[in-house]
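The structure under discussion appears below in the form of structure tokens.
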Amino acid sequence: MKRESLREKNKEDKLLRIKNAAFDLFLSKGFDDTTTREIAARAGVGMGTLFVYAETKRDLLFLIVNDGLELCITDSRSTVRNESSLLANLMVVLRRHYQYFAENPVLSRAALREMYFYQSGMQAERFNQTRHKLRHLLIDLIRSGLEKGMIASSEEPELIAQVVFAIYQVDLRIWLSSDRLDIEEGMDRLRRQIEVVLRGLTPKSQALILPS
């Protein structure tokens, strides 16, 4: 038992050193200019050991990001209040994610850039599961709003939540591209966009005509 505990402790120590080394180098040199060999050297491990934890440099980036994103989901769920409005709950969930990405904008910009077609690598499934959890949290909030009569729609909660999720993803990238990351300004713009969805545009029939 003691031998297994020591082995696990050594693995955790190596993982922490690798994550810290990658984090420091990505911030100081930039993601594009950092090599996996540099990360391994900074962490004091061999290349073989490095690839046990992450297959590529991109995987290393998401190894770092995934921890924070998973914590965002946990924190977000704890801040949802049954007595709050749908909009208030949506905003408190998404604010937590904005706050996380604003902590290290250089790293966040690199991560968001790499997220678009991130399908392979040991951390890909973990990242996709985290996005899945956020979408489901939004779906749960929308469904609750429908059941309570806060909103009414003939569309399924999944589709409505997907619209909100898409707005969040696009606006987060626009906001992070700014040199001055003001959380309140970002939240105000995001809120107004989500309100467009919740209020609807009450279109006239001619606004919905499609060419045959």
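A short reminder: the numbers here are calculations on the coordinates, not readings from a lab. Keep in mind that what you see is a predicted model, and the values were worked out from it rather than measured. Ideal geometry is used to build each Cβ from the backbone, glycine not excepted, and the neighbour counts take in all protein chains shown.
Brief remarks follow.
- Computed on the Cα atoms alone, the convex hull of the range 1-53 gives a volume of 63 cubic angstrom per residue.
- Order of LYS204, LYS57, LYS133 under a 10 Å beta carbon neighbour criterion, fewest first: LYS204, LYS133, LYS57
- Cα-centred dipole magnitude for the range 140-212, charges only on beta-carbon of K, R (+1) and D, E (-1), debye, nearest 20: 260 debye
- Relative contact order of the chain: 19 percent, from C-alpha pairs under 8 Å at least 6 residues apart in sequence.
- Considering all C-alpha pairs of the chain, those separated by over 24 Å amount to 52%.
- Dipole magnitude for the range 55-199: about 100 debye, using +1 per Lys or Arg Cβ and -1 per Asp or Glu Cβ, origin at the Cα centre.
- Extension gain, ALA124 back to GLU184 (0.36 nm per residue minus Cα-Cα distance, nm): 18.5 nm
- Each peptide in 122-131, 152-161 receives the mean, over its residues, of other Cβ atoms within 10 Å, and ordering these scores from highest gives 122-131, 152-161.
- Under-15-angstrom lysine pairs by C-alpha in the chain, whenever the two are 8 or more apart or on separate chains: 4
- Dividing the radius of gyration of the alpha carbons in the range 102-212 by their Kirkwood radius gives 1.03 for Rg/Rh.
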